[in-house]
């Protein structure tokens, strides 16, 4: 493998780790699997990361930062409602679907790894903070009329949207994307006061 500076090498290892997770899940991360994906010897992982748990945590932090940067970029030129609908759209790109799979795997692995669980909670809290900011801005602009306190509304929407997305993408689920969108549409109308006949189509629209 070509020479890379320390931070570039760490990033390369993290990206290789995320590729392994896409295929095998967090439970499938081994030094050999990551090294093979990276095209390097296993010793390089031990040089840059204290343990596999350390590597898993840093990989999740990296993905969370990437997602957070994406949210900020998306929100910059959109209204709060447009940014929110874009975030929870059910017409995700292949890359976004793969990243959702990584988050699902991280949640599962967190039940067995206390350190990863701590990082998972920290990064989920950051997503909640972004959504709270979106809701406050939407109230300020008059787009939202909340029926719950901001913090509770954000947790409710996060939990519902992400769980609906997860279940509707299971191989043999009876919950179709159209059904999930209808449930989410009704929640957006109820919790945020959004009233748009185009709400469902926006949740299913391409990015």
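No lab work stands behind these numbers, since they all come straight from the coordinates. The model shown is predicted, which means the values in this text are computed figures rather than measured ones. All Cβ positions, glycine included, derive from the backbone under ideal geometry; neighbour counts span all protein chains shown.
Numbers below:
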item	result
Point-to-point label distance, residue 121-residue 11, nm (Cα→Cβ direction, 7 Å offset)	3.1 nm
With Cα atoms, 0 to 90° folded angle of helix 150-168 axis to the chain main axis	70 degrees
Shape of segment 71-129, Cα gyration tensor, a/c cut at 1.5	oblate
Cα-based shape type of segment 79-204, given that a ≥ b ≥ c are square roots of the gyration tensor eigenvalues and the cut on a/c is 1.5	oblate
Cβ-Cβ FRET estimate between residue 41 and residue 175, R0 fixed at 45 Å, reported to 0.05	0.50
Mean residue ellipticity (222 nm) of the chain, computed from DSSP H runs ≥ 4 via -39,500 (n - 2.57), nearest 500	-24000 deg cm²/dmol
Cα gyration tensor, segment 1-139 - rounded (a/c under 1.5), prolate or oblate	prolate
Cα long-axis angle, helix 114-141 against the chain (0 to 90 degrees, to the nearest 10)	30 degrees
Helix 94-110 axis, angle to the chain major axis (alpha carbon atoms, nearest 10°)	70 degrees
Approximate spin-label separation residue 78-residue 186, in nm, with each point projected 7 Å along Cα-to-Cβ	2.5 nm
Inter-probe distance in nm under a simple model that places probes 7 Å from Cα toward Cβ, at residue 32 and residue 97	3.1 nm
Exposure proxy order (Cβ contacts within 10 Å, fewest to most) of 57, 71	71, 57
Extension gain from residue 133 to residue 51, taking 0.36 nm per residue of separation minus the Cα-Cα distance	26.0 nm
Relative contact order [Cα under 8 Å, 6+ residues apart], the chain, whole percent	21 percent
Length gained when the stretch residue 141-residue 155 is fully extended (0.36 nm per residue, less Cα-Cα span)	2.9 nm
